[in-house]
Amino acid sequence: MKELKLHGNSIIIGKDSLNYIENIDIKKAFIVTGGNSMFKIGAIDRLSNILKTKKAEIYIFSDIKKNPSFEYVLKGLEIMKKFKPDTVIGIGGGSSIDIAKALSVFYEYNELDIKNPNRLNLPKERKNIKLIAIPSTSGTAAEVTRASVITYNNINLKIGLKCDAFIPDIAILDSSLTLSMPKYLVAETGMDALTHAVECYINKNINPYSEALAEGAIKGLFNYLPSSYEKGDLESREKVHIYSTMAGSAFSNVGLGMAHGISHAFGGKFDFSHGLLNAVALPYVLRYNSRDKEVKRRLNYLSKLIDATDFIEAVITLNKKLNIPSSFKDIGLSEKDFSNNFSELLENSLKGSTKVNPIEITENEMKKILYAIYYGKKYE
């Protein structure tokens with residue numbers, strides 16, 4: 001028996017769905033966001049004006065960077081203790097939403113020590129505080145998942161803290177917020193979404209609900225991600241936004257695989273975006289995993305689903321369309337940094353999501369895989 005949690009109470013979709021905030025009882029809102037983009041496009045003003053019309057007090061906790069560390073959580077908690085919000089709103093990319101999720105839980109359970117991730121006994125639910133997620137990128141699916149991904153610089157690793165209390169009550173998918181995304185971000189976050197769906201689909205823990213969501217997301221992303229990247233029209237952006245969330249609901253109840261294990265290891269050490277690392281690693285990981293009969297069968301089915309001869313080659317072609325490099329070397333990781341940190345990267349790549357990869361990975365095999373991904377060569 002397994003309990004599935006596909007999302008929180010509601011998912012609100014469509015252009016200008018940010019206005020749904022008008023319907024939520026909010027007295028004091030703690031808004032978590034990134035640097036300039038949400039301010040620049042007027043999203044923070046829109047949100048603030050709606051809240052002010054409702055006579056709600058607001059505090060804006062901004063400047064969250066990509067690959068955010070637990071120090072952001074500690075800083076935010078100090079402010080929240082004084083402000084005493086009844087609602088936390090994460091608006092922006094996945095990093096902002098991940099920090100909002102962590103803040104909502106650690107604020108109510110102040111006995112938990114986020115500095116020690118291996119000793120955390122995370123709760124199943126929040127007590128009273130409401131959590132709202134408003135993504136502006138289409139990839140992480142943090143708006144529906146039970147994970148908050150935090151970087152621990154002291155061990156050079158990104159860790160997905162997991163519990164049902166991290167699932168936002170309401171996810172607002174306002175497609176108008178995605179229109180300002182630059183092309184590189186559309187590509188990287190879109191491939192992050194595809195990696196979520198594909199790794200979930202070939203995971204041994206797959207269930208019929210997640211399977212259907214993953215299939216729909218994979219087909220939809222292959223159909224609409226290229227036009228979202230090239231044209232940036234509202235229809236394509238909205239479709240990709242929704243398919244990203246579907247992929248998140250799918251994997252949140254299943255797990256991922258080696259591509260994410262590797263991207264968390266490299267993203268924890270170097271400041272490359274999570275989606276970019278996933279995009280580069282995915283074809284190599286799929287090639288390796290295709291030696292498993294069930295994985296191969298599923299990849300063959302996906303080939304038919306997207307009307308392709310070979311699914312892995314279709315992923316490679318999609319990466320090329322999105323101008324994503326084919327190796328870690330080509331994204332700008334120097335040989336010196338790769339070689340000098342290899343032991344640590346190897347050790348960390350074997351952790352996290354790699355533990356639920358369809359095929360168990362030995363240290364020696366991972367070594368070969370990492371060299372293949374770095375130099376852009378076939379796994380031998």
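Across the chain, Cα pairs under 8 Å and at least six residues apart give a relative contact order of 16 percent.
Annotation: amide H of LEU157 within the under-5 Å range of TYR152, sequence separation 5 or more or interchain, hydrogens built in the peptide plane.
Using the empirical formula 2.2 N^0.38 Å as the baseline, the Cα radius of gyration of the stretch 83-170 reaches a ratio of 1.02.
Per-residue extension of 0.36 nm, minus the Cα-Cα distance of ASP337 and SER10, leaves a gain of 113.3 nm for this segment.
Rounded to the nearest 10 degrees, the angle from helix 363-375 to the longest Cα principal axis of the chain is 80 degrees. A full extension of the chain between LYS293 and THR53 corresponds to an added length of 80.6 nm, given 0.36 nm per residue minus the alpha carbon distance.
Each Lys or Arg adds one and each Asp or Glu takes one away; over the other residues whose Cβ falls under 11 Å from the Cβ of THR151, this sums to +1.
Kindly flag which residue pairs out of LYS5/LYS231; LYS55/LYS269; LYS65/LYS367; LYS320/LYS355; LYS183/LYS304; LYS40/LYS320 have an alpha-carbon separation exceeding 32 Å in this structure. Flagged as over cut-off: LYS5/LYS231; LYS55/LYS269.
Per-residue 3J(HN,Hα) values for the stretch 222-236, derived from phi via the Karplus relation 6.51 cos²θ - 1.76 cosθ + 1.60 with θ = phi - 60°, read 5, 6, 10, 5, x, 6, 4, 6, 6, 9, x, 6, 4, 4, 5 Hz in sequence order (x marks Gly and Pro).
FYI, it's all coordinate maths here, none of it is from the lab. All of these numbers come straight from a predicted model, not from anything done at the bench. Counting neighbours? That spans all protein chains shown, and the Cβs are built from the backbone with ideal geometry, glycine included.
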